[in-house]
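Computed from the coordinates by the stated procedures, all read-outs in this text should not be read as laboratory data. If you're wondering where the values come from, they're calculated on a predicted model, not measured in any experiment. Quick reminder, even Gly has a Cβ in these numbers, built from the backbone with ideal geometry, and neighbours come from all protein chains shown.
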Amino acid sequence: MKRKIVTVCLAAVLVIIAVAGASLAYLTDTDERTNTFTVGDVDITLIEQRKGANGLESYGEGSYKLKPGKSNDGNAVSKIVTVKNNGTEDAYVWVELRIPAYLVSNEYKAEPHTNESKNALHWNSYGCFNVEYNSGNYWRLAVSDGIVDADHKVTDANMVAVEDGLWYDYEYVGTEDGGNTVVIRTKMKDVLPAGKTSLPALAQVYMDWRVTKTADGYKLPDGTEIAKDASWKIDVRAYAIQADGINGIDAAIAAFADNGK
């Protein structure tokens, strides 16, 4: 019997805007949700929000500028990605980002795929929601964004408790489109119960401070030069498969692949 599976895709478009006479590049961020597939009672929604003046708000159709800098410079674009299980069955879920390969350095593409220092585009999770970092003091951003309160408890009654919803850190999966797209993945360690929303799988993205403007485009931290009209489009995709009969998230991903999706 075919397993019940679902994929949701969210496309976030990042476009460079050249600034005359400046050495900095700027990004405009817009969001478009596309391609929702459902089978049986497995039904998920990929939700993207940002921190607003009065709490979390939908991305909507606005523009969000980003200039080169560091994650703590205030230049990061808030991109709070969660997955809601609308179905009647518990499910294993994971989220993938698809990024133009030139925004990811050769150092990161090489084994062991951990050196992100020369990437042109950086992505941040909430450390407190990662399996690898949950025991450390990484709560500041999650508290500031209103995801958890001062006691580190989730503020949304529909969201899974922190201890039940941890994600593994993003890992390099490989490339697609003839090497032109890099795929990275984060996996929820435990099952997402029916009716519940996951902890955020992503917190923010930002452009590296070493991206500079050239006569014909932009120079990236690893020395790569790209054209002014080069794409900065990022696809965010969520996947789910029924938990019943599957032993763990890695087995879930393998079963999903076996279904030809």
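Near the amide H of VAL173, under 5 Å away, which other amide H atoms are found, from residues 5 or more places off or on another chain, if H is placed in the peptide plane?
VAL183, ILE184, ARG185
List the residues whose amide H sits under 5 Å from the amide H of ASN75, counting only those 5 or more places along or on another chain, with H placed 1.01 Å from N in the peptide plane.
LYS70
For a Förster distance of 35 Å, can you work out the FRET efficiency between the beta-carbons of ARG140 and THR181, rounded to the nearest 0.05? Mind showing how you got there, number by number?
Details: r = 33 Å, r/R0 = 0.93.
It comes to 0.60.
Short version: ³J(HN,Hα) in whole Hz for each residue of segment 210-222, in order, from phi by Karplus 6.51 cos²θ - 1.76 cosθ + 1.60 (θ = phi - 60°), x for Gly and Pro, what are they?
8, 6, 10, 7, 10, 4, 10, x, 9, 9, 9, x, 8
Counting only residues 5 or more places away or on other chains, whose amide H sits under 5 Å from the amide H of TYR126 once H atoms are built in the peptide plane?
Under 5 Å from the amide H of TYR126: ALA203.
Kindly put ILE249, ILE44 in sequence by how many other C-beta atoms sit within 10 Å of each C-beta, fewest to most.
Fewest-to-most ranking of ILE249, ILE44: ILE249, ILE44.
Give me the one-decimal nm value for the distance between modelled label points at GLU171 and LYS189, 7 Å along each residue's Cα-to-Cβ direction.
Those two pseudo-labels are separated by 1.4 nm.
Using θ = phi - 60° and the Karplus form 6.51 cos²θ - 1.76 cosθ + 1.60, what ³J(HN,Hα) does each residue of segment 241-252 get, whole Hz, x for Gly and Pro?
Each residue's phi maps through the Karplus curve to give 8, 3, 7, 4, x, 10, 9, x, 5, 5, 5, 5 Hz.
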